[in-house]
Amino acid sequence: MLKSRIKYNTASFITSAPDISKLPLDEGIEVAFAGRSNAGKSSALNALTDQKLARTSKTPGRTQLINTFELDEQKRLIDLPGYGFAKVPIEMKKKWQRSLGEYLQKRKSLKGLVVLMDIRHPLKDLDMDLINWAVDSKIPILALLTKADKLKQGKRKAEVLQVRRKLAELDADITVHAFSSLKGIGLNELGWKLDDWYLGPFVKEEPTQDQA
């Protein structure tokens, strides 16, 4: 069970938008989820919120719009269009890329980006394009290496370390964790990182003299 400061299971769908002009007012705090069409983005959102919030489909590329979910009036989760599926028409790919780039570069309320990549095939060219976009825009990144249950623990740790080393070369605010929506691997780490983006870092209160 997810242990976090925010109750993510209260998330509710607000709107689907073709571009940022149709999104809610650019205020408060947004955290966006992005990844290749088969990276398990919808499954991660559903695991975080403990509900069937985002549609999962055996047809990659189904999420063609920017989907907005509200935690409260000032906190939103954003499900960005999936990218990188070969059978999608080239014009549609270009449209999605424009929507992604525009959102990352212009949305002031965006405080963090969760990039989801299959742990068996991380850091593909389109993943790196997205990460570099976010780095250039000074957006903190949480890289989730999904489907971690597909690997044995030793191989899983080795993949995480390799991705951490590679992304450390960018000298940016990037955190990397293994993740499995099926087994709950990395779910608390996801919740804690989102807590920090929405609420600020957790500060443990020192006991007062009366409490000591």
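Numbers at a glance
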{"item": "Region 101-128 - residue that is aliphatic (A, V, I, L, M) and not in a helix (DSSP H, G or I) and, of those, most open to solvent (accessible area, probe 1.4 Å)", "result": "123"}
{"item": "Any hit, region 129-147, residues being under 19 Å from residue 45 (Cα atoms), open to solvent by 50 Å² or more (accessible area, probe 1.4 Å) and out of contact with any helix residue (DSSP H, G or I) (no Cβ under 8 Å at 6 or more places or on another chain)", "result": "yes"}
{"item": "Criterion violated by residue 203 - all others in (1) in contact (Cβ under 8 Å) with a residue 60 or more places away in the chain; (2) of a type in the set (A, V, I, L, M, F, W, C); (3) open to solvent by 40 Å² or more (accessible area, probe 1.4 Å) satisfied", "result": "(1)"}
{"item": "Unique match (being modelled with pLDDT of 95 or more and among the basic types (Lys, Arg)) among 94, 7", "result": "7"}
{"item": "Residue within region 167-180 that is open to solvent by less than 40 Å² (accessible area, probe 1.4 Å), among the hydrophobic types (A, V, I, L, M, F, W, C) and in a loop (DSSP other than H, G, I, E, B) present", "result": "yes"}
{"item": "Residue list for region 1-35, filter: out of contact with any Lys or Arg (no Cβ under 7 Å at 6 or more places or on another chain), of a type in the set (D, E, K, R) and either more than 13 Å from residue 75 (Cβ to Cβ) or open to solvent by less than 50 Å² (accessible area, probe 1.4 Å) (or both)", "result": "3, 19, 22"}
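Rundown of residues vs (1) touching a residue at least 40 places away in the same chain (Cβ under 8 Å); (2) of a type in the set (S, T, N, Q), yes/no style:
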residue	(1), (2)
10	yes, yes
26	yes, no
33	yes, no
36	yes, no
39	yes, no
45	no, no
49	yes, yes
52	no, no
55	no, no
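The values are calculated or read from the model by the stated rules, or taken from the named source; none is laboratory data. These numbers were taken from a predicted model, which means no experiment stands behind them. Note: ideal-geometry Cβ built from the backbone for every residue, glycine included; neighbour counts use all protein chains shown. Just the protein is used for accessible areas: all its heavy atoms, side chains included, with ligands, DNA and RNA removed. Shrake-Rupley method; radii C 1.70, N 1.55, O 1.52, S 1.80 Å.
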